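What follows is a single structure, written as structure tokens, with notes after it.
The values are calculated or read from the model by the stated rules, or taken from the named source; none is laboratory data. No experiment lies behind these values; they were computed from the predicted model shown. In this analysis, Cβ positions are derived from the backbone assuming ideal geometry, glycine residues included, and neighbour counts consider all displayed protein chains. Each accessible area value is taken on the protein alone, full model and side chains, heavy atoms only, with ligands, DNA and RNA left out. Shrake-Rupley method; radii C 1.70, N 1.55, O 1.52, S 1.80 Å.
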Amino acid sequence: NQLVVGLTGGIGSGKTAVSNRLQTLGATVIDTDEIAHSLTKAGGLAMPDIQRAFGHEALLSDGSMNRDHMRALVFKEPEQRIALEKILHPKIRQLVQQQLDAGAPLYFVLVVPLLFEKGGWGELMDEIIVVDCPVEQQVQRVIQRNGWPETQVRAVIQNQATRETRLAGATQLIQNNGDLAELVEKIDFMHQKLIKKAQK
Ligand code: ATP
């Protein structure tokens, strides 16, 4: 049975930096955000259901999901969030399972940003890596990367699990509170550790 390593962390914590590096080192990365994105692009498998449930304004003229519209909608109306998740979640699960069934030469990294907010993923995972950094660093990184106003970044963080909740659920921790060179060193160390676990 192959090793499946979950990877999670708050917005802007550095999940993508970590998963990209692990992929470079030979891990097989399955990213649930990427899958959700592909399901909701033009011609994506979830688009017929989304149009049926949310109407035309849920789509851009090219047939992809209108992300700004849907983000605002599910932020305002929790029952709409549940409706969207009911469409997406089973499809994501199915595509994840397909990729797991295909096997990996070393080990899997399963990226689930909202692992501690949404149930049901933990049972697939042998280890859970949490990428952690102070909230103020998250805020600065996301402002820089996305150009969002600070209040928007903080609102998202407020809606996510707390740092304490994530730390309590971690079996492996990557502290991303230094520069990128330091992060790479920590990831390379983690990779060696995971390879040993995968060989057991
Ligand atoms: P999201 O949840 O929004 O997808 P994420 O957890 O995947 O975020 P990244 O995209 O990896 O986070 O990192 C957020 C931003 O911070 C990126 O622009 C990234 O290049 C930068 N960053 C990450 N780690 C560091 C670091 N140690 N030093 C400097 N910049 C960093």
Review point. In this structure, is Gly10 touching a strand residue (DSSP E or B) at 6+ places or on another chain (Cβ under 6 Å) and open to solvent by less than 80 Å² (accessible area, probe 1.4 Å)?
Key: no
Check your understanding: Gln23 versus (1) within 21 Å of Gln98 (Cα to Cα); (2) in a loop (DSSP other than H, G, I, E, B); (3) at pLDDT 95 or above: which is the lone unmet condition?
Key -> (2)
Point to revise | Test: residue in the range 72-79 that is part of a helix (DSSP H, G or I), in contact with a Ser or Thr (Cβ under 9 Å, 6 or more places away or on another chain) and crowded, with 17+ Cβ neighbours inside 10 Å | key: no
Review point. Pick from the range 1-27 the residues that are touching a helix residue (DSSP H, G or I) at 6+ places or on another chain (Cβ under 8 Å), more than 8 Å from the ligand (Cβ to nearest atom) and polar (S, T, N, Q): which of them is nearest to Phe108 (Cα to Cα)?
Key: Gln2
Practice item. Select, from Gln98, Gln160, the only residue that is more than 15 Å from the ligand (Cβ to nearest atom) and within 30 Å of Leu45 (Cβ to Cβ). Key: Gln98
Review point. How about the range 90-122: which of its residues are surrounded by fewer than 15 Cβ atoms within 10 Å (Cβ to Cβ), outside any loop (DSSP other than H, G, I, E, B) and either modelled with pLDDT of 95 or more or hydroxyl-bearing (Ser, Thr, Tyr) (or both)?
Key: Pro90, Gln94, Gln97, Gln98, Asp101
